[in-house]
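Enquirer: There's a structure below that I have some questions on.
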Amino acid sequence: MEEKPALPPSPSLTAFGLLLAAGVLALAVWLVSLLWGPFAYRAALAGTPGTLTAPHCHITGSGKYSRRDCTGTFVALEGPFTDASAHAYEVARFDDSPIRLQRRSDGGYTQPLLPRAATILAVVFGVVSGAAALLLFLCLLPLRVSFGKGARLSANPQPWGALLWLLSRASAGAAAAAAVCLIMVAVLAVAERFL
């Protein structure tokens, strides 16, 4: 029995799929751009590095939701910048030594912390993995595209074969990177408790 060739999707369905794909891409780019700033400051990749000498620190909140806020003098490591009334929120650890901070472009201060940077990076990779998985699903909607059945992904009609191959690798790779970041968060948290 001869198989009938699959009908191409209707133009309205193709337009809807393209709009949906554009929406997924726009949402992923927006989320990653929102997360990139906090990650860059927490990883000390952005901002002006310096130290805060804080004679005044107080704890706000209680229990799990408590945080340490410090006020003092921030001195930039490079250049003559000094802020005598710098205020840092959520300082992780405090002793008599100056606190290492990054001055943000908005004038605020962030304490670089690798566990928090790794957590944000895990979320970024999770967003990329989820977006790639959604786009992979959208690529599979046309009837002439298949995933599996013993055939190579690239055996699908172009551009679907190349897209399926790329998106499957991007989704799996980003998910693996997110898992590695979460493991790194756990290792850094344990190491922080013992150091």
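Enquirer: Can you pull the one-decimal nm distance between simple spin-label points at TRP36 and VAL187, each 7 Å off the Cα toward Cβ?
Expert: Inter-label distance under the simple model: 2.7 nm.
Enquirer: Using θ = phi - 60° and the Karplus relation 6.51 cos²θ - 1.76 cosθ + 1.60, list the HN-Hα couplings for the stretch 162-174 in order, rounded to whole Hz, with x at every Gly or Pro.
Expert: Calculated HN-Hα couplings, in order: 5, 5, 4, 4, 5, 5, 5, 5, 5, 5, 5, x, 5 Hz.
Enquirer: Once the piece of chain linking ALA179 and PHE16 is laid out straight, how much longer is it, given 0.36 nm per residue of separation minus the C-alpha distance between them?
Expert: Extra length available between ALA179 and PHE16 comes to 55.4 nm.
Each value in this text was obtained by applying a stated rule to the coordinates, not by laboratory testing. Because the structure is predicted, anything quoted here is derived from the model rather than measured. Methodologically, a virtual Cβ is constructed for each residue, glycine included, from the backbone with ideal geometry; neighbour enumeration extends over all protein chains shown.
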